[in-house]
Each structure stands twice: as structure tokens, then as C-alpha cells.
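The values are calculated or read from the model by the stated rules, or taken from the named source; none is laboratory data. Note that the structure is a prediction, hence the values are computed from the model and not measured. Ideal geometry is used to build each Cβ from the backbone, glycine not excepted, and the neighbour counts take in all protein chains shown. Only protein heavy atoms, including side chains, enter the accessible area calculation; ligands, DNA and RNA are left aside. Shrake-Rupley method; radii C 1.70, N 1.55, O 1.52, S 1.80 Å.
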Amino acid sequence: MDRRKSIQTIIMGAGASALMFHGCKSDTEIEVPVPSEGPYFGRTPEELERIEKLKAIQLFNEHEMETITLLSTIILPPKEPHGGPIEAEVPEFIEFIAKDIPELELTLKGGLMWLDHQSNSHFNQEFKSASLEQQKQILDTIAFQDAEIPLDEQPLEIQFFALMRNLTVTGYYTSRVGIVDLGYKGNQPNIWDGVPQDVLDQHGVAYDPKWIAKCVDQSKRNEIAEWDEHGNLLT
């Protein structure tokens with residue numbers, strides 16, 4: 001099984017554990033927006049205002065964003081025809097989440113600095129300028145955490161990679177690009193031919209032939225049913 005298939009399996013089951021971990025350990029109280037008066041759909045006006053404020057903040061500098069972008073494509077390599085983290089705007093997603101959850105900033109910024117320090121020490125160049133083989137050599141030292149030790153007790157660089165990996169996967173597979181990649185088509189109606197005849201006989205009931213013709217006609221399964229003002233089925 002290739003890396004992408006493995007990650008698809010993980011995301012459908014385990015979810016973003018590292019993100020959940022960081023979100024749960026904070027003592028910061030989360031303020032739940034109070035809906036404004038009147039009807040609304042989707043996000044509340046207060047939520048929309050907060051989103052615009054967060055978008056206006058620049059958390060990572062250009063170098064850091066370039067490193068995040070590169071790292072996301074190493075974690076989840078793009079493939080045809082859907083693309084990868086860049087097409088799914090995963091780097092922007094990661095920055096937005098870091099702004100929305102300030103406790104993540106130290107882990108992410110510290111991890112990015114650690115990558116450059118390691119790359120400069122071993123290869124005399126920044127992480128983003130190293131070869132893919134050199135980059136993977138560095139990442140292999142932090143990609144596997146000790147399952148016997150809680151994540152928050154492990155080195156910062158290991159916490160960083162666990163967080164980056166889960167943010168990358170979460171950002172990608174909750175995007176339009178990622179959903180298409182998964183082949184998810186949403187809920188679709190199954191074929192139903194009504195209550196089995198033996199059950200109907202057991203209870204001494206039967207379907208009205210006209211009702212059956214309207215409701216169990218599979219050629220019309222995608223049509224929306226309509227009723228008249230007296231509750232009679234029309235189509």
C-alpha cells in the first residue's frame with residue numbers, strides 16, 4: 001500500500017489526533033458566538049467577522065510558508081488528476097488553524113526552526129533548499145513517535161511533525177480537492193422495493209397498486225415526491 005492510500009485509511013478512521021491533542025490540553029476558555037437576531041444560514045455574523053480578522057493576520061513569514069508548503073507535499077505527495085496540498089490550499093489552512101488556535105504557534109514555529117537547524121548542520125543549507133533525499137533523512141528522525149510515551153512528553157520536533165502531518169491530512173481531505181480524491185459522492189438513495197410480500201401477508205395488508213406504481217418505480221427514484229393539500233401523493 002502506498003503512502004497516500006495508507007493516509008486515506010488513517011484519516012477515515014483515526015482523524016486528526018495531534019490537532020485534537022493540542023486543542024484539548026489548553027486551559028483557554030472557548031467563547032461560543034451568540035447568534036444574532038433573525039434567521040441565518042451557515043456561519044453566524046460573529047463567526048464571519050472573526051474569520052476575516054484572522055485572515056488579515058500574517059502569522060508565518062514568507063520563508064516559513066515556503067517550508068510549510070514543501071513539507072505538506074512531502075507528507076502527502078500530489079497525484080494526477082486531483083493535485084495535492086497546494087491545489088487544496090493546505091498551507092493556507094495550516095496558517096489559519098495556527099491563528100485560530102494560538103497554542104499551536106510555538107510548536108509549529110519551533111519545529112520549522114528545528115528543520116532549518118538540522119539541515120544547516122548536516123547539509124549546510126536550509127531545509128527547503130536541501131534535496132528530497134536529504135529532507136526525508138531529517139524527517140525520518142521525527143516521523144515515528146514512541147507509542148508508550150504521551151505525545152506532550154516527547155521532544156518538540158516530534159510533536160511538531162505529528163501536528164504537521166495531521167494538519168496536512170485534515171486540510172487536504174476536508175477540501176474539495178481531497179473529497180474528490182477520496183471518491184466520496186455523499187449520501188445516495190438505495191433501491192427499496194417495499195415491504196416483503198411475506199410480511200405483508202403476515203399482517204393481512206397489501207399495497208395500493210397505484211401507490212406502488214408511484215413510489216416503487218425505480219425509473220423515478222430521483223424525482224422528488226409531491227402531495228396535494230389533502231396529503232394525497234401526486235408524483
Scan of region 122-136 for residues that are open to solvent by 80 Å² or more (accessible area, probe 1.4 Å), free of Cβ contacts under 8 Å to residues at least 12 places away in the same chain and assigned to a helix (DSSP H, G or I), ordered by number: GLU133
Test: residue in region 192-204 that is at pLDDT below 75, open to solvent by 90 Å² or more (accessible area, probe 1.4 Å) and over 30 Å from TYR172 (Cα atoms): yes
Whichever residue in region 137-188 is of a type in the set (S, T, N, Q) and open to solvent by less than 60 Å² (accessible area, probe 1.4 Å) and, among such residues, is nearest to the chain's Cα centre (by Cα): THR170
Members of region 48-72 that are free of Cβ contacts under 8 Å to residues at least 60 places away in the same chain, of a type outside the set (D, E, K, R) and touching a helix residue (DSSP H, G or I) at 6+ places or on another chain (Cβ under 9 Å): ILE51, LEU54, ILE57, GLN58, LEU59, PHE60, MET65, THR69
Candidates GLY171, GLY83, GLY178, GLY111, filtered to the one that is in contact with a helix residue (DSSP H, G or I) (Cβ under 6 Å, 6 or more places away or on another chain), among the small types (Gly, Ala, Ser), in contact (Cβ under 8 Å) with a residue 40 or more places away in the chain and on the phi > 0 side of the Ramachandran plot: GLY83
Residue list for region 39-96, filter: open to solvent by 50 Å² or more (accessible area, probe 1.4 Å), assigned to a helix (DSSP H, G or I) and of a type in the set (A, V, I, L, M, F, W, C): LEU48, PHE93, PHE96
Test for SER131: is it in contact with a Ser or Thr (Cβ under 6 Å, 6 or more places away or on another chain) and modelled with pLDDT of 95 or more: no
